[in-house]
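Some notes on the structure that comes next.
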Amino acid sequence: MGANSSSSKPPLGALVGPTAVGKSEIALEVAARLEGEIVSADSAQVYRGLDIGTAKLLPHQRVSRSGKPIPHHLLDVVEPHQSFSVAEYQRLAREAIAGIHDRGHLPLLVGGTGLYFQAVVDPYFFAPGARDSDLRARLQGEAESYGNEHLYRWLKEVDPVAAARIHPHDRRRIIRALEVYLLTGEPISATWKGRWSGSPYRLALAGLTMEREVLYERINRRVDEMIAAGLVEEVRDLLRKGYDLQTPALQILGYKEMALYLQGHLTFAEAVSLLKRNTRRYAKRQWTWFRRDPRIVWWEVTPDNREEISDAISRWMAGQLDICVE
């Protein structure tokens, strides 16, 4: 790979940005040019059986336009009912990155989950302990009685930093943050060490952006394409297997809305409209998260410049990391 001998830190490239901007497609081309392997930074794609609604590339799609297979890591890691923490993701991602380095390839972190991204590129430490099953059950009961918004407002009061990084609908992480605060008196965000300095890697961080209205049109079209591809059937199959709305995977964007439809809480039209709205809002939050990181260099994507952008990012990343480009 030809890493710069002047630095003892191993190289890491990253490609981040909002949903539907084209990260997966461009990442394939960048990885092909730089002898890279992709490490997913997507908190939905870690779940097995969630393919359509997460826009997960299937094995036969993980190839560049030239036909070169691109290895992917951290996809299909856990079952839908299993919880999966950021700390677990950090450990597995760094193990995957170390293996890629051992093979002489470039790890390319790709995705839109901001906390996953930052847990890898920065020296985040997640404190162990501070667990109480009775307290967690009480908080779960409050969420079921009064809604996630009740707990989320509480979290915003006691730990606004954590609240800014946790989705208002992510009940599991809201409860975990409150659990830590109530048991220790300290906000869970105080255990998130490191920000924009002291990375264990030599970084080249690329962000993809797009004119907002164009992106929102792409999001709406993608939802329609997911429906046509069988998203409702995918969610129906999960429900048949005994999973319900308390299952971690069914809290994910796309799955929750379709599950509400299938359980009779929403009409189909309402579910589709809600999914489009929630996805647009999610994209806006992703923009906000990544824009705060001054290390990210941004590239504007248009419908016609994907090949040009792939080439430009590849050359820029190779220069940043002092590696060869094909």
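Read-outs: derived from the displayed coordinates by stated rules, not from any lab. As the structure is a prediction and not an experimental result, all values here were calculated from the model. Glycine gets a Cβ as well: all are built from the backbone with ideal geometry, and neighbour counts include every protein chain shown.
Close amide H contacts of residue 298 (hydrogens built in the peptide plane, cut-off under 5 Å, sequence separation of 5 or more or a different chain): 207.
Computed from the Cβ-Cβ distance with R0 of 35 Å, the FRET efficiency linking residue 268 to residue 161 stands at 0.35. Each residue of the range 240-257 was assigned a 3J(HN,Hα) from its phi angle through the Karplus curve 6.51 cos²θ - 1.76 cosθ + 1.60 (θ = phi - 60°); the sequence is 4, 7, x, 6, 9, 5, 8, 5, x, 5, 8, 8, 7, 3, x, 7, 5, 5 Hz, with glycine and proline shown as x.
The simple spin-label model puts a point 7 Å past each Cα toward its Cβ; for residue 78 and residue 212 those points are separated by 3.4 nm.
For residue 250, what charge total do you get from the other residues with a beta carbon under 14 Å from its beta carbon, if Lys and Arg give +1 and Asp and Glu give -1? Could the numbers behind the result be given before it?
Values: positive: 48, 171, 172, 236, 240, 241, 256; negative: 79, 170, 234, 237, 244, 257.
Result for the local shell: +1.
The amide H of residue 37, built 1.01 Å from its N in the peptide plane, has 106, 108 as neighbours under 5 Å, considering only residues 5 or more places off or on other chains. The 3J(HN,Hα) values that the Karplus relation (6.51, -1.76, 1.60; θ = phi - 60°) gives for the range 89-105 are, in residue order, 4, 4, 4, 5, 5, 5, 5, 5, 5, 4, x, 5, 4, 4, 7, x, 10 Hz. Gly and Pro appear as x. Applying 0.36 nm per residue to the separation of residue 284 and residue 311 and subtracting their alpha-carbon distance, the gain on full extension is 7.1 nm. Dipole magnitude for the range 133-191: computed about the Cα centre from +1 point charges on Lys and Arg Cβ and -1 point charges on Asp and Glu Cβ, it is near 180 debye. Between the range 96-170 and the range 224-280, the alpha-carbon centres lie 23 Å apart.
For the chain, give the magnitude of the charge dipole about the Cα centre (Cβ charges: +1 Lys/Arg, -1 Asp/Glu; no others), in debye to the nearest 20.
Details: 43 positive and 41 negative charges, 99 e Å.
Once rounded to the nearest 20, the dipole reads 480 debye.
The alpha carbons of the range 193-291 give a radius of gyration and a Dmax of 17.1, 50 Å, in that order. Rg then Dmax, both in Å and based on the Cα atoms of the range 133-191: 10.2, 30. Extension gain for residue 145-residue 324 works out to 58.7 nm (0.36 nm per residue, less the C-alpha to C-alpha distance).
The C-alpha radius of gyration of the chain, expressed as a fraction of 2.2 N^0.38 Å, stands at 1.00.
Placing +1 at every Lys and Arg Cβ and -1 at every Asp and Glu Cβ, with all other atoms neutral, what dipole size does the range 152-264 have around its Cα centre, in debye to the nearest 20?
Working: 18 positive and 15 negative charges, 81 e Å.
For this selection, approximately 380 debye.
What is the antiparallel percent of DSSP beta bridges lying wholly in the chain, to the nearest 5?
Numbers: 1 of 24 bridges.
Of those bridges, close to 5 percent are antiparallel.
Which order do the peptides 154-162, 309-317 take when ranked by the mean count of other beta-carbon atoms within 10 Å per residue, highest first?
Values: 154-162: 16.8, 309-317: 19.6.
Order by mean packing, descending: 309-317, 154-162.
Distance from the C-alpha centroid of the range 74-90 to that of the range 291-317: 29 Å, rounded to the whole angstrom. For the range 167-179, backbone phi angles converted through the Karplus equation (6.51, -1.76, 1.60; θ = phi - 60°) give residue-by-residue couplings of 5, x, 9, 7, 4, 4, 6, 4, 4, 4, 5, 5, 4 Hz, Gly and Pro being listed as x. Our helix-only sum for the chain, with -39,500 (n - 2.57) per DSSP H run of n ≥ 4 divided by its residues, gives a mean residue ellipticity at 222 nm of -15500 deg cm²/dmol. Rounded to the nearest 0.05, the FRET efficiency derived from the C-beta distance between residue 131 and residue 295 at R0 = 25 Å is 0.15.
Note down the relative contact order for the chain as a percent, whole number, built from C-alpha pairs under 8 angstrom at least six residues apart. Write out the running numbers ahead of the final one.
On the way: 486 pairs, mean separation 94.8, N = 326.
Over the chain, the number comes to 29 percent.
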